[in-house]
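Structure record follows, encoded as C-alpha cells.
The values are calculated or read from the model by the stated rules, or taken from the named source; none is laboratory data. Fair warning: this is a prediction, and the values are worked out from it, not measured in the lab. No Cβ is skipped: glycine too gets one built from the backbone with ideal geometry, and neighbour counts run over all protein chains shown. Ligands, DNA and RNA are stripped out before the accessible areas are found, and what is left, the full protein with its side chains, is counted by its heavy atoms. Shrake-Rupley method; radii C 1.70, N 1.55, O 1.52, S 1.80 Å.
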Amino acid sequence: MQTFSGVGVAPGRVLGPVRQMPKPVQEPAPHAPGAADIPADVTVESQGRRIKDAAKAVQAELRARAIGASGEGKEVLEATALMAADPMLVKSAIRLLSPEAPGGARTAERAVWEAAATVAESLKALGGYMAERVADVLDVRARIVSELRGLPAPGIPASDVPFILAAEDLAPADTATLDPTKVIALITSSGGPQSHTAILARALGLPAIVAAPGVDGLDDGTEIYLDGAAGTITTEPGEDLRLAAKAWATQASTLAAFSGNNALADGFRVPLLANVGTGADAVKAADAGAEGVGLLRTEFCFLDRDDEPSVEEQIAAYGAVFAAFPGKKVVVRTLDAGADKPLPFLTNADEPNPALGVRGYRTDLTSPGVLERQLEAIAAAEAAHQAEVWVMAPMISTADEAARFASLCSAAGLRTPGVMVEVPSAALTASTVLREVSFASLGTNDLTQYAMAADRQLGPLASLNDPWQPAVLQLVKLTVDGAAAASTVLAGTAAAATKPVGVCGEAAADPALAVVLVGLGVATLSMSARALAAVSTVLATVTVEQARNLAVAALAAPSASAARQTVRAQLPILVELGL
Amino acid sequence: MSERTATIASRVGLHARPAAIFAEAAGDLDLEVTIAKAGEPADDAMDASSILSLMSLGASFGDVVVLRAEGAGADEALDKLVKILETDHDAE
C-alpha cells in the first residue's frame, strides 16, 4: 500500500482505476548535419507519405470525437480536424523533408514540428482571434507527432470504464473535453487550489486533489481510493476504504437536495446564492434551490469575440439570467477582462504583469464607453424582468473609483451599485469605499492571490494561495467592519441602510470556511450551484454564536492549516459527511 | 482561368465556423481553387481548401475576395463557393 497527500480541492470519497494523462509531446531533435541516422531506405517520398497518413489518421480521430460531442465542443473539434490535414500545413512540412530545404533535410517528426511552428507564428502575429487559435495549431502538431512516433495521442485518454484522471496539471483546453460520465475524480501532482483543475472539479462536482507529488507516476489501471476533503490518496485500498466510498455514494445522493431557504441552527438567515455565467446556468441554479445570483459573470457574453457585443445582444444575455430569478436578487458583475481572461478589443496582451495590469474596472480607463454601454444594457434588461438587480465593478482599489462607478450606475438608472473587494487596498479602506456604494462582494480567489502575492495557477505556491490564510480572513473582517462603520457614519441620511458584504469566491463553497465567513459577519454566500447542498447542510448544524467563536479561533490561528484544523475539529458533521 | 469576386457576409469574418464550412467545400472539389483579397496579385493567392491559409488571409465582414480556378466545371464550382461566402452562417 502506498499513500500520497496533496491539497483537497473538492470533497468526495471514491474508488477506481487510474488513467494517466499522456505526457506533453517532446520536441523532435533537429537533424544534425552529416549525421547518419536517416536510414538509406528512408526517402523523401516515404517520409512524405508518413506525414500524410499521420495527418489523415489524426483528422479521422478528431472527426470521430466530434460526432460524439455537442455544442461548442463539437465545433472546436470539427475545426481542429480540418486543421490536422490542412493542405498548406502538410505541403510545407513535406517541403522541409527535401535535402534542398533551407537548413537541409528534416525527419518527418521535425518537419511537422517546424511547419506548424511557422503557421503558429504567423497566426500569432495577426493577433486577436487568430492568435487564440495558436493553441489549436500546436495541439494538432502534438497529435501528428505522437501519431508518427506511435505514441498515445495527447489529451484525456478515451476509456470505456469510468476512471480517476491523473496528470501533472490540466490546461483549460483539456478541461473542455473532459467527459464527466467517464472521469470520476481528478488528481494532479502540480496545480494549486485555484488552478483550472480545481475550478473545473468544483463546477462538475468531481472529487479532486491537487499538488500531490508522485501521483503522475502511478501506473495506468492501478486501483486507488481518494478522499477529496482530506487530500489523501491510497493504493490497494482495503475493505474499510471500500465501505467509505460506498457510504459517500449514498450520502452524495441525499446531500443533493437544498431547501432553498438557508438558515443556521438558530434560524439566523444566510441566503445562499449561485455563481452563474449564462441563462442556462441560471436555470440550473434556480432548480438547485439558489436564493438568487451572487455573481453573474458577464464576460461569458464577451469572450471568444473580436468586437464588443451590441447593447441588444447584451440585453438578451442578461435578460435570460434575470428571467430565471423573478423577485430574487441577481448581482451583476460588470466586465472583468484582463489577466487570465484577455479580450482582444479591451486588453493589451503585452503587459509584463497582467494580474497587476489594466483589468476589471480599469479597462474603462483605456477603452471608455464599453462599461457605460454595458450598464445601459443591464438597466434595459432589468426593466424587462422582475429580478432585483444589483451591479458591482470588479478590481476596485479606491473610494474614488467606487464613487465614479456609483455615478455611472446612477446615470444608467441602476439603483444598487456595489464593488468587488479583491484588491487588499479596498478591504483596508472599506469604511470609505462603502460610503460610496450600497454593498460589497468579496472575491476571495483574487483577494488571496493579491494578499499573499502568489499566482493562482502555480502549484509550488498552493499553500500560500489558500483562503484560510489568517491574513485573508483578516481582510474579510476588515471589509465587514468597514461596511458597518460606513453605515454608522451615514446614519440619518438616505444612504444609511446597512451595507451588506457577501462572498462570491471559491471560499464560500468550502463548508467549513463558509461557517467562518458567516461568523465574520458575511451576509450572503455565493457559489457553484453544486456546492449549495453541502454548505447548507453544514451551516444548519451551527448557531450564529458558534460561528462567531469559530471565526475568532480561525483569525487567531498562526497558519492556514492550523486555522482549518481548529475549525474542522469543531464541526463533526464534516467527517460524518466526508466533506 | 475562371474568376469570381465575393463579399464576406459572415459577421465574424472568414474564420471560425464560416471558414471551416468554406474550406471543407473547397476541399471536396476536384479543382484547385485559390483565394486572395481583392486588389492583391494572383501570385499571392492562397489555397482555398486550407483553413489555416484562410485564417491568415484575415478577411473581415464586408471585405471583397477573389476566387480563381481552372479546369472543367470551374465556373459552377466557383459559383457554389461564392454562395457560401455570401451567406451569414452565424445568422442560421
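Taking the Cα of A:Thr366, stepping 7 Å toward and past its beta carbon, and measuring to each backbone N in region A:388-403: which are under 18 Å? Output list for this probe position: A:394-397. Where both partners of a DSSP beta bridge lie in region A:193-313, what percent of those bridges are antiparallel, to the nearest 5? Expressed as a percentage, antiparallel bridges in region A:193-313 total about 60.
When DSSP beta bridges are restricted to pairs lying wholly in chain A, around 30% turn out antiparallel. Under 1.5 on a/c is rounded, so check that first for region A:44-149, then, if it is not, pick prolate when a/b is larger than b/c and oblate when it is not; a ≥ b ≥ c are the square roots of the alpha carbon gyration tensor eigenvalues. Oblate, because a/c is 1.5 or more while a/b does not exceed b/c. Only DSSP H runs of four or more residues enter the estimate; each adds -39500 (n - 2.57), and after division by the residues of chain A the mean residue ellipticity at 222 nm equals -13500 deg cm²/dmol. Classify the protein assembly as shown from the C-alpha gyration tensor, please: rounded if a/c falls under 1.5, else prolate or oblate depending on whether a/b exceeds b/c. Note, shape of the protein assembly as shown comes out oblate.
Taking all protein chains into account, the per residue accessible area for the protein assembly as shown stands at 42 Å² (1.4 Å probe). Surface composition of the protein assembly as shown: carbon plus sulfur atoms hold 55% of the accessible area, using a 1.4 angstrom probe and ignoring ligands, DNA and RNA. List, in the order given, every pair from A:Lys23/A:Lys182; A:Lys52/A:Lys182; A:Lys74/A:Lys328; A:Lys284/A:Lys477; A:Lys56/B:Lys80; A:Lys74/A:Lys124 whose Cα-Cα distance in the structure shown is over 29 Å. Cα-Cα > 29 Å for A:Lys52/A:Lys182; A:Lys74/A:Lys328; A:Lys284/A:Lys477; rest within. 3J(HN,Hα) along region A:380-391: 5, 5, 4, 4, 8, 9, 9, 5, 8, 9, 10, 10 Hz, from the Karplus curve 6.51 cos²θ - 1.76 cosθ + 1.60 with θ = phi - 60°, whole Hz, x for Gly and Pro.
Note on region A:316-470: antiparallel DSSP beta bridges, both residues inside, total approximately 10 percent of the bridges counted. The helix-based estimate of mean residue ellipticity at 222 nm for chain B, built from -39,500 (n - 2.57) per DSSP H run of four or more residues and divided by its residue count, is -10000 deg cm²/dmol to the nearest 500. Computed from Cα atoms, the angle from the helix A:239-255 axis to the main principal axis of chain A rounds to 60 degrees. A simple rule links phi to the HN-Hα coupling: the Karplus curve 6.51 cos²θ - 1.76 cosθ + 1.60 with θ = phi - 60°, which for region A:326-343 gives x, x, 10, 6, 10, 8, 9, 8, 5, 2, 10, 8, x, 6, 7, 10, x, 10 Hz, with x for Gly and Pro.
Rounded if a/c is under 1.5, else prolate if a/b beats b/c, else oblate: with a ≥ b ≥ c from the C-alpha gyration tensor eigenvalues square-rooted, which is region A:330-451? Cα axes put region A:330-451 in the oblate bin. Net charge in the neighbourhood of A:Thr234 (other residues with Cβ under 14 Å of its Cβ; Lys, Arg +1, Asp, Glu -1) is -3. Using R₀ = 30 Å, calculate the FRET efficiency as 1/(1 + (r/R₀)^6) where r is the Cβ-Cβ separation of B:Arg17 and A:Ala471; round to 0.05. Given R0 = 30 Å and the Cβ-Cβ separation, E is 0.05.
For chain A, the longest principal axis of the alpha carbon atoms and the long axis of helix A:71-84 meet at an angle near 20°.
With a 1.4 angstrom probe, the accessible area lost at the B-A interface totals about 1500 Å². How high is the relative contact order of chain A? Use alpha-carbon pairs under 8 Å, at least six apart in sequence, and give a whole percent. About 14 percent, as a whole number.
Axis of helix B:74-85 versus longest Cα principal axis of chain B: the two differ by about 10°, to the nearest ten degrees. Karplus-derived 3J(HN,Hα) values for region A:128-139, using 6.51 cos²θ - 1.76 cosθ + 1.60 with θ = phi - 60°, are x, 4, 4, 4, 5, 7, 4, 4, 5, 5, 5, 5 Hz; glycine and proline are entered as x. Extension gain for the segment A:Asn353 to A:Ala411, taken as residue separation times 0.36 nm less the Cα-Cα distance, is 17.6 nm to one decimal.
Debye-formula intensities of region B:2-91, expressed as log10 I(q)/I(0) at q = 0.15, 0.17 Å⁻¹, are -0.45, -0.59 (one equal scatterer per alpha-carbon, no solvent). Free of any trypsin sites (Lys or Arg not before Pro) that DSSP assigns to a loop and that have at most 16 other C-beta atoms within 10 Å, the longest stretch within chain A is A:1-181.
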